[in-house]
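One structure is given below, encoded as structure tokens.
The values are calculated or read from the model by the stated rules, or taken from the named source; none is laboratory data. All of these numbers come straight from a predicted model, not from anything done at the bench. Cβ atoms come from the backbone with ideal geometry, glycine included; neighbour counts cover every protein chain shown. Side chains are part of the model used for accessible areas, which takes the heavy atoms of the whole protein and leaves out ligands, DNA and RNA. Shrake-Rupley method; radii C 1.70, N 1.55, O 1.52, S 1.80 Å.
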Amino acid sequence: MMWGHDRARARPAACHQQPLGSFMLGKELMIDPHLVQADPEVAALIAAEERREFEKIRLIPSENYASRAVLEATGSVFTNKYSEGYAGKRYYEGQQCVDPLEQLAIARAKALFGADHANVQPYSGSPANLAVYFALLKPGDTVMGMALPHGGHLTHGWNVSITGSYFRSVQYGVQIDTGLIDYGQVRELALKERPKLMIAGATAYPRIIDFQAMRAIADEVGAHLLVDMAHIAGLVAGGAHPTPIPHAHVVSTTTHKSLRGPRGAMLLCKEEMAKMIDKAVFPGLQGGPHNHTTAGIAVALGEAATDEFKVYAHQIVKNARALAEGLAGHGFKLVSGGTDNHLILMDVTPRGMTGKAYARALDRAGLECNYNTVPGDPRKPFDPSGLRLGTPSVTSRGMRETEMAKIAGWFSRVAENVANEAELDTIAGEVRDFCAAFPCPGIAR
Ligand SMILES: *Cc1c(COP(=O)(O)O)cnc(C)c1O
């Protein structure tokens, strides 16, 4: 190819294991020929990322494969348009197409989740949560969320986050021995600390959270309840997980995890809170909404309303169970003993490894996960005891229980060969061949 020197320059550290030489940009991959011409460096990186996502078994539970339709909508001219405000009340002219687009996304969100009101403007999950704080609290008010090392999110009041430094944060956790939330303990803490906002939701909790119990506690102490369903939104949409909508004052969610949309977020709430929430998002926290993202969200919500997506959501859960059983069968120690949702958390130290060393070895072998703390972890967050994995991405590729058993086998082999680079590379080759039979939404190969 004519721009070989560009390729060499563009080769990023993260892709170094997969040289770009052997495939043609813009042909077998779906890179727009305009981009290849205009900016071969960026085009090369996109092509390399497509290939990387195709050739690996991606098990990071917050990731997925957005469809080609979602990618196209997100890459559209709606990125050109400013539209501060809401439909019918904007601060810029020329909203003939944005207004119906945003209203369509809102209508689809409300119908899919059975919510009275939806705001589709938050830029991502973190600002969506901050908007809820801004709507319901004053600086210094008490919030109560799940601690990060126990599976909560940074934005649930963790100390390094703005939510833990501009507000008075008290944190609940899980029981160390069972890995489960003890609702009696949550209630005791709430009665003692009297939070104004309670948060339920997690990034690393493999079990179903009892939203009704959380709401009962919130009611008892006069708190609002925010349920952050970022990880499980796709499962909820597909009926494979109980919905928080009837129990929460506000529900926040990202749109890019199990929901399989573009990177973005939404807030769902009852009609009586609609004005407060909308005002907090704009003008409270944000300027112009990302209309191209709104377009992608609308498409994703349309996809999530299909019967096919229901099957997908249920298969995510079946696959997680099968993978959990497979891993337990190979002697891995699962936090809480298994999973009810899309994710698995395991303590890998009994097998003589740390989470980080194992995650590195797995990545080299073509199995992408992330290291994670486990409840009560004696190790530091940057090199913890655990590994977190999930099934939304592999399920998007059409993998099922049989494939999960195979993946569990590779996990065991990698664990036995953490320092054996030759064997890890052999496994990576097997994984690449295996993946060739499972097409990825959004990637033409
Ligand atoms: C991913 C996630 C977020 C944050 O979303 P970003 O889009 O990364 O800002 C918030 N809460 C939970 C529970 C999440 O899993």
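For the range 71-154, list log₁₀ I(q)/I(0) at each q in 0.13, 0.24, 0.26 Å⁻¹, using the Debye formula over Cα point scatterers of equal strength and ignoring solvent, two decimals each. Scattering profile of the range 71-154, log10 relative to I(0): -0.62, -1.27, -1.35.
Between Lys192 and Lys138, what is the FRET efficiency for a Förster distance of 30 Å, r being their Cβ-Cβ separation, to the nearest 0.05? Using R0 = 30 Å, I get an efficiency of 0.90. Protection proxy ranking for 290-303, 36-49, using the average of other Cβ atoms within 10 Å per residue and placing the highest first: 290-303, 36-49.
Highest GNM mean-square fluctuation among Asp377, Asp278, Asp32, for the chain modelled with Cα contacts below 10 Å: Asp32.
From the Kirkwood radius over Cα pairs of the range 364-445, Stokes-Einstein at 25 °C and 0.890 mPa s returns a whole-number translational diffusion coefficient of 171 µm²/s. Starting from the Cα of Asn159, step 7 Å toward the Cβ, then list every residue of the range 124-145 with an amide N under 17 Å from that point. Counting backbone N atoms under 17 Å from the label point, the list is 143-145. Its relative contact order, with pairs defined as Cα atoms under 8 Å and 6+ residues apart, puts the chain at 21 percent. Per-peptide packing, taken as the mean over residues of other Cβ atoms within 10 Å, places 389-395, 312-318 in the sequence 389-395, 312-318 from highest down. Note on the chain: with a GNM built from Cα contacts shorter than 10 Å, the maximum mean-square fluctuation among Val236, Val160, Val281 falls on Val160. For the range 309-435, the spherically averaged projection of the C-alpha convex hull amounts to 7.2 nm². So for the chain, what percent of the C-alpha to C-alpha distances run longer than 39 Å? Looking at the chain, the distances longer than 39 Å represent 22 percent of pairs.
Evaluated over the Cα positions of the range 231-293, the convex hull gives a direction-averaged projected area, one quarter of its surface, of 4.8 nm². With both residues required to sit in the chain, DSSP beta bridges show an antiparallel share near 55%.
Averaged per residue, the range 73-304 has 39 square angstrom of accessible surface, using a 1.4 angstrom probe with ligands and nucleic acids left out.
Its DSSP H runs of at least 4 residues, each contributing -39,500 (n - 2.57), put the calculated 222 nm mean residue ellipticity of the chain at -12500 deg cm²/dmol, to the nearest 500. Among the listed pairs Lys56/Lys333; Lys196/Lys310; Lys138/Lys275; Lys89/Lys257; Lys110/Lys257; Lys257/Lys406, those whose Cα-Cα separation exceeds 26 Å are Lys196/Lys310; Lys89/Lys257. Put simply, the C-alpha atoms of the range 153-283 give a gyration tensor, and the ellipsoid matching it has half-axes of 22, 19, 15 Å, longest first. For the Cα trace of the range 32-84, dividing Rg by the Kirkwood Rh returns an Rg/Rh value of 1.05. Ligands, DNA and RNA left out, the 1.4 Å accessible surface of the range 95-218 is 56% carbon and sulfur atoms.
For the range 93-168, relative contact order (Cα pairs under 8 Å, six or more residues apart, normalised by length) works out to 18 percent. Its convex hull of Cα atoms gives the range 73-304 a direction-averaged projected area, equal to a quarter of the hull surface, of 11.8 nm².
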